[in-house]
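K.L.:
The structure follows.
The values are calculated or read from the model by the stated rules, or taken from the named source; none is laboratory data. On a predicted model such as this, the values are computed, not experimentally measured, just so you know. Here the Cβ is made from the backbone with ideal geometry for all residues, glycine too, and neighbour counts use every protein chain on show. When the accessible area is computed, the model is the full protein with side chains, heavy atoms only, and any ligands, DNA or RNA have been set aside. Shrake-Rupley method; radii C 1.70, N 1.55, O 1.52, S 1.80 Å.
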Amino acid sequence: MRQNVGRATLTLIPIAITSRGAAFLIPVVVALWFGVDLITDAWFWALAFPTFAVVLAGSAVATTVTPALARVKQESPHEVPQMIGGLLVWSAGLATALGLCFCLSGPWVLENFTDFETETQSLAAMFLWELLPFMVVTSAGAVLRAGCEVEGLFKRIAFTPLIRAVVVIGTTWMLLEPAGAHALPIGLILGETVQALWWGVWLTLAGVDIEPTTKLNPAIRQVGRDFAPILGGEVLVALNLVIDKGFAATLEQGSVATLEFADRARIIPTTLMISTLAMVAFATWSNDAAKGESARSRISMDKAMRWTLLLASPALAGMFIGRYALIEMMFEHGAFTPQDTRNTAHVLGYYIPGILPALMGALALRAHIVERNLALVLTLGIASVTVNFTLNSMLIGPLGLVGLALSTSVGATFIATIWILCLVPILPSGLAHRWLPSMGIVIGSALVAGICEATLGTVMSFSDTRIWLASIPCFLLLAAAISLVLADRTSGIES
């Protein structure tokens, strides 16, 4: 089945906004119930390690499995059920081994590389063990999601965060009084389990009878060979999450939680893009490449990146202008204080400039995997963690948490630039002419954000009329961007 990237993405946007909006309520209720305290410091420090596994599952596993499944589906469709079953078993086993390493080394890391109090250290170490099933289910679920993407079940996937959020929040709330802070990992595990079962059911209904096996058939062996460089690169990139939490743990109490809350706001645009355009595009590129239609997939790669520049830039300008109001709306309830809002929004301001490069890097990474430039993934993984660790070391002293956020933005820009430059030779000719309008929107958005910040000052609430005044040029830029995207959909070869 041939997918139209633009049309499929547009149909997913309202579903993704609703579904992801519900998913973003999870950190909101954590802020409501626990605020910025030793519990959230311990929770978010411990969560960095399974989040590391989540990134591996979402990136390394999924990005390796999707093109491989597309090839097998095209060449030997009868092997798909056993391939998915085998990958389920092996990914769960790998996640278990990785999780045990985290759990066993956690107390030593906490004692030697954090300034947490003894109570915080003990709670964080316990959280690690409680989150072990979460790591396993997440990694196995990534295989099921990849299968759904190859089968074109994009709407079913888009609804998943809503279902997961309802389970996580509902379970945590019900267990909050009897289990206290330990309701957090229980709710997360149940939510992740229901999500994996959802994907498995729809995959089965699509006609794929999953056959769990430990047998290493040729298709799984090829995935293993491809997985090695991708895993190496993604491990290093995902390690940045752990490194940032480690640096934050050397600062005053509440620093880890503040950094995490700012990061949760930062990933809103990335998550929306990953669950719409990037998901559809990657599956479509993989299917086209499996059919030998590389020219078509490269045209689609070019369009996807230009559309991201066009649509994300005005939205990110608005996000920067309204960052304090955004954090107030999301988190300033219950135990989360106005001072926590100011601290979190201040850090978010240094995260936002790196969001657009991160979006572009995520697309370019998937394009390189489809093109099988796998050695580049490992090389840039090494570069990413090196740049991040170096900048963290340099900036945390004079800038504190802001230095960690700035380090992330600079690193994302550096790595994304290399990704795109390495992709340019395979994209259709005339790239400078096609990308000029997109770059114009990017520059215009940056100017609007800078001018509004300089002239209107810091906007603290959505009730402030200045934020609505600043939104006018952002919406005008967005309208211009949408018109360019709509015109681009009908130009050249349809993607």
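K.L.:
7 Å from Cα along Cα→Cβ at both Ala487 and Glu211: what's the point-to-point distance in nm?
P.N.:
5.3 nm
K.L.:
Continuing with this model, one more query. How high is the relative contact order of segment 154-210, in percent, with contacts defined as C-alpha pairs under 8 Å that are six or more residues apart?
P.N.:
Relative contact order comes out at 39 percent.
K.L.:
Tell me, how many Å apart are the Cα centres for segment 265-290 and for segment 132-188?
P.N.:
One Cα centre to the other: 19 Å.
K.L.:
Can I ask one more? With the contact rule set at Cα under 8 Å and sequence spacing of 6 or more, what percent relative contact order holds for the chain?
P.N.:
Relative contact order comes out at 23 percent.
K.L.:
Leaving ligands and nucleic acids out of the surface, order Trp435, Trp468, Trp129, Trp285 by accessible area at 1.4 Å, largest first. Write out the running numbers ahead of the final one.
P.N.:
Details: Trp435 25, Trp468 140, Trp129 120, Trp285 0 Å².
Listed by decreasing accessible area, they come as Trp468, Trp129, Trp435, Trp285.
K.L.:
Per residue, how much accessible area does segment 400-495 have with a 1.4 Å probe, in Å²?
P.N.:
52 Å²
K.L.:
Leaving out ligands and nucleic acids, and using a 1.4 Å probe, what accessible area per residue does segment 291-393 come to in Å²?
P.N.:
Heavy-atom SASA per residue in segment 291-393 reads 32 Å².
K.L.:
If you stretched the chain out fully between Ile426 and Ile443, how much longer would it get, using 0.36 nm times the residue separation minus the C-alpha to C-alpha distance?
P.N.:
Contour length minus Cα-Cα distance gives 3.6 nm.
K.L.:
At what distance in nm do the modelled label points of Glu117 and Leu399 sit from each other, each positioned 7 Å from its Cα along Cα→Cβ?
P.N.:
According to this spin-label approximation, the distance is 3.1 nm.
K.L.:
Probe 1.4 Å, all protein chains in place: accessible area of Glu111 in Å², nearest 10?
P.N.:
130 Å²
K.L.:
At a probe size of 1.4 Å, how large is the accessible area of Phe113, to the nearest 10 Å²?
P.N.:
Rounded to the nearest 10, the figure is 120 Å².
K.L.:
Then there's this: Give the dimensionless ratio obtained when the Cα radius of gyration of segment 117-161 is divided by 2.2 N^0.38 Å.
P.N.:
Segment 117-161 yields a ratio of 1.75.
K.L.:
Shifting gears a bit: With a 1.4 Å probe and every protein chain kept in, tell me what percent of the accessible surface of the chain is carbon plus sulfur. Working shown, then result.
P.N.:
Values: 13620 of 19690 Å².
The computed percentage sits at 69.
K.L.:
Okay, moving on. Take His333 and Leu436, extend 7 Å from each Cα along the Cα→Cβ direction, and tell me the distance between the two endpoints in nm.
P.N.:
4.9 nm
K.L.:
For Val167, what accessible area in Å² do you get when you roll a 1.4 Å probe over the heavy atoms of the protein chains, rounding to the nearest 10?
P.N.:
30 Å²
K.L.:
At 0.36 nm per residue, and after removing the present C-alpha to C-alpha distance, how many nm does the segment from Gln74 to Val89 gain when stretched out fully?
P.N.:
Extending this stretch completely gives an extra 3.1 nm.
K.L.:
Residues of segment 136-150 with amide nitrogen under 12 Å from the 7 Å Cα-to-Cβ point of Arg221?
P.N.:
none
K.L.:
So what is the 222 nm mean residue ellipticity for the chain from helices alone, if each DSSP H run of at least 4 adds -39500 (n - 2.57) and you divide by all residues, rounding to the nearest 500 deg cm²/dmol?
P.N.:
-28000 deg cm²/dmol
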